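I have placed the structure first, in the form of structure tokens, so that the comments after it can refer back to it.
Please treat every number below as a calculation from the coordinates, not as lab data. Remember, it's a predicted structure, so these values are computed and weren't measured experimentally. Quick reminder, even Gly has a Cβ in these numbers, built from the backbone with ideal geometry, and neighbours come from all protein chains shown.
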Amino acid sequence: MQVGAIIAAGGRGKRMNAGLPKQFLAIKGHPILYYTLSTFESIGQIKEIVLVVGKDDLRFAQKEIVERYRFKKVRITEGGAERQDSVYNGLRELSPQTDIVVIHDAVRPFITKSIIEKSIHAAREYRAVGVAVPVKDTIKVVGSGNVIKNTPDRKSLWAMQTPQSFDYGLIMEAHEKARREGFYGTDDTVLVERMGLPVRVIEGAYENIKITTPEDIVIAETLIGLGYGDFRR
């Protein structure tokens, strides 16, 4: 089976308060995006990687990421107005022979090869798979006036991460249905859920953080110093 990957890197990173989109910010001398792509490129099962970036970042990403670091499997395409639009553009760029697609956020650089490979294997069996971790905190549902309405059972609550891996035909159908109906979800698994189809969850890692705020940069630098991540060093 042919496996492709989509790396969603079209965000502007407004919460980072930096002059550069967060995926291009340097940590320990390399852009965040370098670490993410390095891990995906090293996986033999993945034959092609579509990097989706904003229109204004196309040239920068080509020169400063793909060419500078000599990524062989990566090609770039332009993103859309929302993350969902960008992923759809990436899906359309993948080879027609693609069987399984792995969708990942560019700013989760600490994803491991093991989790990616488990995700691919699970997608072959279940067709739709999301990586997640059990929540550690007690979660409250809060209503108007900041009054607690109820407390869900923590055992049933998982925090979703990426990658999310799918049968290519299934996720393409899910995206096209959402586009026809003007629906936007917060991730790709919800597009399959609303088709009434099951999505399997496999356990990820708490270190698989999404770098969103300046505080996350400090955490990421610490994790790199401690040896986390499967990227080239």
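Results, tabulated for the structure shown:
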read-out: Rounded if a/c under 1.5, otherwise prolate or oblate - region 95-233, Cα gyration tensor axes; value: oblate
read-out: Trypsin sites (Lys or Arg not before Pro) within region 124-184: DSSP coil, no more than 14 neighbouring Cβ in 10 Å; value: 136, 140
read-out: Taking region 3-225 and dividing mean pair separation by its residue count, relative contact order in percent (alpha carbons under 8 Å, at least six apart); value: 23 percent
read-out: Between region 130-164 and region 196-230, the Cα center-to-center distance that results, in Å; value: 18 Å
read-out: Additional length obtainable on full extension of the chain from residue 70 to residue 197, 0.36 nm per residue less Cα span; value: 41.8 nm
read-out: Amide H contacts of residue 201 (H built 1.01 Å from N, under 5 Å, at least 5 apart or other chain); value: 130
read-out: Cut-off under 5 Å, modelled amide H: who pairs with residue 6 long-range; value: 50, 102, 103, 104
read-out: Helix-only [θ]222 nm of the chain, DSSP H runs n ≥ 4, -39500 (n - 2.57) each, per residue, nearest 500; value: -9000 deg cm²/dmol
read-out: GluC sites (Glu not before Pro) within region 29-130, DSSP loop, no more than 15 other Cβ atoms inside 10 Å; value: 82
read-out: Highest-MSF residue in the chain out of 58, 94, 157 [GNM, Cα springs under 10 Å]; value: 157
read-out: Among 187, 57, 137, residue whose mean-square fluctuation peaks in a GNM of the chain (springs only between Cα atoms under 10 Å); value: 137
read-out: Residue 159 long-range amide H proximity, modeled H, under 5 Å; value: 133, 135
read-out: Candidates 172, 160, 195: whichever shows maximal mean-square fluctuation once the chain is modelled as a Gaussian network with Cα springs under 10 Å; value: 195
read-out: Calculated mean projected area of the Cα convex hull in nm² (choose from (i) 13.7; (ii) 15.4; (iii) 18.2), label; value: (i)
